[in-house]
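Below is one structure, written out as structure tokens; the observations come after it.
The values are calculated or read from the model by the stated rules, or taken from the named source; none is laboratory data. Bear in mind that the values here come from a model prediction, so they are computed numbers and not experimental data. Virtual Cβ from ideal backbone geometry, glycine too; neighbours counted across all protein chains shown.
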Amino acid sequence: MCHRIALSRRHVLSTRTISISLLALLLLLLSGCNLSGSSEPTAPPPAAKPLITINTPRTGDRIPVNTQVLVNATATDSVGINRVQLLVDGRIAKTATANGERSFTTTLDFTPTQVGNLTIQVVAYRSSVASDAATIQLTIEAPTFLTPTRTAQIISTAITVQTSVPFNPTCRIRTTTGSVNLRTGPSTNFNPAITLIPASVEAPIIGRLFDNTWWYIRYGNFNGWVSANVVQVLGNCFSIPIVPSPATPTAFITFPPVITAPPTIIPTQPLPPSLTPGLPDLVVTQITIPSTLTLGGDGTVTTSIAAVVTNLGSGGTGQFSNLATITPSGGVQNIGIIGSLGAGQSVVLEFSYTFTSMGPYTIQVQADSGLQVTEISDVNNIGTVTVTVAPIPF
């Protein structure tokens with residue numbers, strides 16, 4: 001009997017030992033699974049959404065009805081922008097195609113046809129990933145409440161018209177020291193000076209010496225020379241012609257007077273001939289557009305075009321209109337009405353165009369297209385540039 005009890009106790013102990021061993025083995029396996037799971041790499045976070053900002057116009061701007069509005073926006077993305085869309089009151093009005101640029105600036109246009117308030121939104125895309133919309137509010141006014149001058153001011157605001165901007169390519173000087181002498185020739189020997197130019201004044205350059213030590217400029221109703229040592233040169237001066245210097249003034253020597261002889265009379269240095277006083281002269285000094293564009297996936301490409309119109313005359317213009325012609329098959333586009341442009345001032349007219357087929361195109365910008373301004377010459381009012389539209393890359 002005692003022998004059977006002893007065997008029974010050994011059997012129980014053996015069973016408990018096996019159970020504990022199995023439980024320990026199960027816990028070890030579970031622990032290994034958890035450790036293995038924690039060592040797996042986590043998926044990288046998705047890239048941030050693109051960013052978009054509207055440069056012009058701004059919230060609160062008032063635009064006359066049936067006037068083209070140009071919305072300039074800049075999109076950025078760490079991977080690359082593929083397209084930018086303009087929405088007017090929630091409806092898509094225009095799409096610009098990009099080529100994967102990390103920073104992409106474009107101008108999108110629309111024309112409001114009703115008076116009231118409009119919500120303008122611009123959205124940038126990286127493939128199917130959209131940015132948060134940049135939003136502004138515009139007020140569309142009836143044109144009957146606007147004078148022509150007021151209309152020109154509003155159009156100028158909408159197309160970012162300025163008279164002194166870094167973009168201004170007009171070759172010009174800016175006086176950097178006190179008063180600067182405007183002389184009849186490129187030397188301090190040309191006396192007396194025609195006039196004095198105050199500090200911080202800009203004037204267009206119309207000629208130069210071969211070594212660029214003196215500049216021939218137009219200041220008010222006068223043409224004359226200023227030394228390069230006392231002025232700052234601004235703009236694109238690549239095409240400024242070399243102007244021959246007038247003869248150096250004769251040095252007059254005065255001898256002791258003879259009592260019976262009359263005094264020597266020195267003739268006064270005549271002023272140089274100048275353009276007819278008071279007349280303006282409008283010139284398209286530059287048109288900026290990429291030389292080559294590539295069609296996007298939808299078979300179109302939209303680009304912004306900037307034209308610089310400069311008044312190289314000596315008088316103000318009054319109001320004038322401007323047109324752009326794109327050939328072939330581009331038609332004619334009104335690119336703004338300017339209220340007035342003073343002598344030596346420039347204005348930047350920015351517009352956009354959507355190309356729908358490949359090939360060479362010619363963009364022609366005409367200042368004062370309505371011949372409203374009486375100016376020195378009308379033959380230099382047109383500027384031309386060419387662009388090539390390439391097919392979709394495969």
*Test: residue in segment 295-304 that is buried (at least 21 other Cβ atoms within 10 Å of the Cβ) and either touching a residue at least 40 places away in the same chain (Cβ under 8 Å) or outside the structural domain of I205 (by TED's automatic domain parsing) (or both)*: yes
*Name every residue in segment 343-358 that is over 21 Å from L108 (Cα atoms) and in a loop (DSSP other than H, G, I, E, B), in order of residue number.*
A343, G344, Q345
*Candidate set from segment 379-394 (those that are closer than 17 Å to V308 by Cα and under 21 Å from the mean Cα position of the chain (by Cα)); member that is surrounded by the most Cβ atoms within 10 Å (Cβ to Cβ)*: G383
*Residue among T195, T151 that alone is within 30 Å of N72 (Cα to Cα) and either out of contact with any Cys (no Cβ under 7 Å at 6 or more places or on another chain) or at pLDDT 80 or above (or both)*: T151
*Just checking, how many residues over segment 62-97 are more than 16 Å from Y125 (Cβ to Cβ), part of a strand (DSSP E or B) and in contact (Cβ under 8 Å) with a residue 12 or more places away in the chain?*
8
*Would it be correct to say that G344 is in contact with an Asp or Glu (Cβ under 9 Å, 6 or more places away or on another chain) and modelled with pLDDT under 85?*
yes
*For segment 370-378, does any single residue satisfy the condition of being more than 21 Å from V71 (Cα to Cα), touching a Gly at 6+ places or on another chain (Cβ under 8 Å), surrounded by fewer than 21 Cβ atoms within 10 Å (Cβ to Cβ) and of a type outside the set (A, V, I, L, M)?*
yes
*For segment 319-336, does any single residue satisfy the condition of being of a type in the set (A, V, I, L, M, F, W, C), under 19 Å from G235 (Cα atoms) and crowded, with 16+ Cβ neighbours inside 10 Å?*
no
*Identify, please: which residue in segment 175-212 is touching a strand residue (DSSP E or B) at 6+ places or on another chain (Cβ under 7 Å), without any contact (Cβ under 8 Å) to a residue 60 or more places away in the chain and of a type in the set (S, T, Y) and is, among those, farthest from S245 (Cα to Cα)?*
S200
_Qualifying residues in segment 174-210 (those that are out of contact with any Lys or Arg (no Cβ under 9 Å at 6 or more places or on another chain), surrounded by 17 or more Cβ atoms within 10 Å (Cβ to Cβ) and β-branched (V, I, T)) - the one farthest from S346 (Cα to Cα)_ = T184
*For V129, which of the numbered conditions (1) among the aliphatic types (A, V, I, L, M); (2) closer than 19 Å to G299 by Cα; (3) more than 23 Å from the chain's Cα centre (by Cα) fails to hold?*
(2)
